[in-house]
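One structure below.
Since every read-out is calculated from the coordinates, none of them should be taken as a lab result. Because the structure is predicted, anything quoted here is derived from the model rather than measured. Cβ sites come from the backbone with ideal geometry, for glycine too, and all protein chains shown count toward neighbours.
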Amino acid sequence: MDLSFFDVYVLPWIINIIFAAAIFFVGRIVAKMLVGLLQKILRKGGTEEILVNFISSIANILLLLVIIVAALDQLGVDTTSLIALVGAAGLAVGLALQGSLQNFAAGVMLIVFRPFKEGDFIEAAGVSGVVEHISIFNTIMRTGDNREIIIPNGNIYSGVITNYSARDTRRVDMVFGIGYDDDLKQAKALLEEIITSDERVLQDPAPVIAVSELADSSVNFVVRPWVKSGDYWGVMFDTTETVKLRFDEAGISIPYPQMDIHQHKVESI
């Protein structure tokens, strides 16, 4: 082999390949260290683990692309066209995945601002249930009848979110009606006795028991005790049953909708 050919063509290629390999392998080590440092900073700042993992993955991919471009540039490859091609491909993928990107952005917002967390009972996107898992693209909820529902995060974040678990206490709103011929004071006293005898009912704020409406067929009481959030349904169901039983014992009626028709006889002239 001609020594000049080796010196001019082969040796520079060997050197470039060695430097390109060094850039690639050393770059990967440095990228791993930077990603690890980023994870520590995010975790120290209290960022959710799922978001930490996602950001770390994105950072690792971007750093790897930079390392590959640098290694190819060392080999003498024209990386300008490659960068333009990657950019065009990224734009095409972005346009094709607009819905997914919307869900991704909503998922990041849900994880960062945390309007709810795993284990909360919420109502969102027309569904009520317990949040079991929040991911970047969707949220998994379990309904009261044990169905698993997967909701895109974009649907959740674009609508109203009601978090029933956000507060330690809740007010139970109930309405009970009695007949117009029944003893109003007796009925109110029974309702007060039922509510105050329930140990799950909180004294502060004090429960409200008052006549709210003189309806077409009944005199309606509003009964509004405050309870711990976990006791909400138990207090509602038990109170409804107890009111019916105690009203029956006291002879107080719970009227159903009815209409009284009065006939007037018109004398013919």
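Some notes on this structure:
- Per residue, the convex hull around the alpha carbon atoms of segment 115-163 comes to 63 Å³.
- Going by neighbour counts of Cβ atoms within 10 Å, the residues R43, R200 line up, fewest first, as R43, R200.
- Across segment 109-117, rounded Karplus estimates of 3J(HN,Hα) from the backbone phi angles (6.51 cos²θ - 1.76 cosθ + 1.60, θ = phi - 60°) give 5, 5, 6, 6, 8, 6, x, 8, 9 Hz, Gly and Pro being marked x.
- Scattering from segment 169-250 was approximated by placing one identical point on each alpha carbon and applying the Debye formula without solvent; log10 I(q)/I(0) at 0.12, 0.13, 0.15, 0.24 1/Å stands at -0.32, -0.38, -0.50, -1.18.
- Centroid-to-centroid, using Cα positions, segment 175-250 and segment 102-167 are 34 Å apart.
- Calculated FRET value between M236 and L72, using beta carbons and R₀ = 41 Å, to 0.05: 0.05
- Ratio Rg/Rh, restricted to segment 123-205 and using Cα atoms, in which Rh is the Kirkwood radius: 1.20
- Net length available on complete extension from F24 to I150 is 41.3 nm, with 0.36 nm assigned per residue and the Cα-Cα distance removed.
- Whole-Hz ³J(HN,Hα) from phi, Karplus 6.51 cos²θ - 1.76 cosθ + 1.60, for segment 195-211, glycine and proline x: 6, 5, 7, 8, 5, 6, 7, 7, 8, 9, x, 5, x, 10, 10, 8, 6
- 5 angstrom amide H check on S253, placed H, neighbours 5+ away: G179
- Amide H contacts for V208 (H built 1.01 Å from N in the peptide plane; partners 5 or more residues away or on another chain; cut-off under 5 Å): R224.
- Selected from G154, W226, Q203, residue furthest toward positive end of dipole (segment 149-269; charges at beta carbon): G154
- Theoretical FRET efficiency, 1/(1+(r/R0)^6), r = Cβ-Cβ of S197 and T162, R0 35 Å, to 0.05: 0.70
- Spin-label pair D183/T169, simplified geometry with 7 Å Cα→Cβ offset, distance in nm: 3.2 nm
- If you plug the beta carbon distance of N60 and E118 into 1/(1 + (r/R0)^6) with R0 = 30 Å, you get a FRET efficiency near 0.70.
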